[in-house]
Amino acid sequence: MPADQTPVDQRTGSTAESGTRRGQRDAAAAALADVPTEPGAAKPDPILVADGVVRQFGGLTAVDVGHVEIQRGAITALIGPNGAGKTTFFNLLTGFDQPDHGTWSFDGKPLSGVAAHRVARLGMVRTFQLTKALSRLTVIENMRLGATGQRGENVFRALFGSIWRSQENEITERADDLLARFQLDAKREDFAGSLSGGQRKLLEMARALMVGPEMVMLDEPMAGVNPALTQSLLGHVKDLREDGMTVLFVEHDMDMVRDISDWVIVMAQGKVIAEGPPDAVMGDQRVIDAYLGSHHDAALTEEEEEAIIVEAEEALARERAEKEESS
Ligand SMILES: Nc1ncnc2c1ncn2[C@@H]1O[C@H](COP(=O)(O)OP(=O)(O)O)[C@@H](O)[C@H]1O
Ligand SMILES: [Mg+2]
């Protein structure tokens, strides 16, 4: 078959990946073929293993994960209704929040109590939605900040110190390579807040890759992205797998989950209630109940995206005005 034809997969109705993207998908599917479809199932080659991870907020138990394993080199989707604890679980695993109980290891290394930037440097990184502070930094500044595995603007300022300078060339080169790969090179000097919804998502992903991670955790990577760009974003996620990375992502759009994941884990009320291959899990009555029984997050509308951008621009203008006043 000629390489430029992309046939439609009869079973899923989705467009099959080109030959270059198939290798790891087929390998992941083969590796997971014999894994039982049950919560907490052991994987043949887990990169992440979590045990008894509990996080309470006052009287509310946001996360209560008994046992979960994430297969290396695969794309795993974490789905569940709004408030299921998905984001909190991401924050716990990556050191941005501390659990009340529990242990977990990444690549065999225990991670409980390890600070977020060290977790990132050990190879496990999560994306963040562009905050107001990050919107006021340029695209290339955001990328440099990504190299530290940290997220705050204060950290960025501190970076102008000596460690920063000693690594600058290498970091800038890496940043420019990634910007080219994500088609953001023309936006290099633009404020992140001026990017479109889809470009922000690309930047969030590119930024996370600055630490050269083995595992990337994406929290709603397609939220607020127009349909024309989702295919391109999905392609980038598949490329991460093709480059040998492990991906764990939260997504509400079931068509996308079906299209790109090798394995699906379902959370509800803090617990893992089901897991398995996409087709099996999405036909599971408990999953349907969990979804249909409660409201789930809607993606940001274009208006909401616009409001965020306007807010970022206003914040920028205020900052410039303050600077002028003080000089
Ligand atoms: N910082 C916090 N303080 C209090 N409650 C929180 C906090 N973060 C999350 N929660 C609560 O924990 C539950 C899980 O939230 P979250 O992890 O954001 O769910 P999801 O990402 O699956 O939508 C929700 O009931 C939410 O209101
Ligand atoms: Mg969430």
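Annotations for the structure displayed:
- Taking the stretch 55-107 as the range and being among the hydrophobic types (A, V, I, L, M, F, W, C), more than 12 Å from ligand 1 (Cβ to nearest atom) and under 21 Å from residue 36 (Cα atoms) as the test, the residues that pass are 68, 70, 74, 75, 77.
- Test: residue in the stretch 225-233 that is under 22 Å from residue 311 (Cα atoms) and modelled with pLDDT under 90: yes
- Restricting the first member to the stretch 82-95 and to residues that are at negative phi, and the second to residues that are near ligand 2 (Cβ under 10 Å from one of its atoms) and of a type in the set (Val, Ile, Thr), the beta-carbon pairs closer than 6 Å and six or more apart or on different chains are 86/250.
- Listed by position, the strands (runs of 3 or more DSSP E) contained in the stretch 191-299 that have at least 1 residues being charged (D, E, K, R) and more than 28 Å from residue 316 (Cα to Cα) are 271-276.
- Among the criteria (1) at pLDDT below 95; (2) part of a loop (DSSP other than H, G, I, E, B); (3) over 14 Å from the mean Cα position of the chain (by Cα), the one residue 145 does not fulfil is (2).
- Test result for residue 106, within 16 Å of ligand 2 (Cβ to nearest atom) and among the aromatic types (Phe, Trp, Tyr): no
- Cβ separations smaller than 9 Å between residues 6+ apart or across chains give the following pairs from the stretch 41-61 residues that are over 23 Å from residue 98 (Cβ atoms) and among the charged types (D, E, K, R) to residues that are more than 16 Å from ligand 2 (Cβ to nearest atom) and assigned to a strand (DSSP E or B): 43/49; 43/69; 43/70; 43/71; 43/263; 45/71.
- Any hit, the stretch 263-273, residues being small (Gly, Ala, Ser), within 28 Å of residue 53 (Cβ to Cβ) and modelled with pLDDT under 95: yes
- Selection count where residues are under 11 Å from the mean Cα position of the chain (by Cα) and more than 16 Å from ligand 1 (Cβ to nearest atom), scope the stretch 208-239: 5
- Residue ID - surrounded by the fewest Cβ atoms within 10 Å (Cβ to Cβ), chosen from residues in the stretch 197-226 that are of a type in the set (Gly, Ala, Ser) and touching a residue at least 40 places away in the same chain (Cβ under 8 Å): 212
- Within the stretch 58-81, considering residues that are within 14 Å of ligand 2 (Cβ to nearest atom) and more than 17 Å from the chain's Cα centre (by Cα), the one surrounded by the fewest Cβ atoms within 10 Å (Cβ to Cβ): 81
The values are calculated or read from the model by the stated rules, or taken from the named source; none is laboratory data. Predicted, not measured: the structure shown is a model, and the values here were computed from it. When we count neighbours, we look across all protein chains shown, and the Cβ atoms used for this are built from the backbone with ideal geometry, even at glycine.
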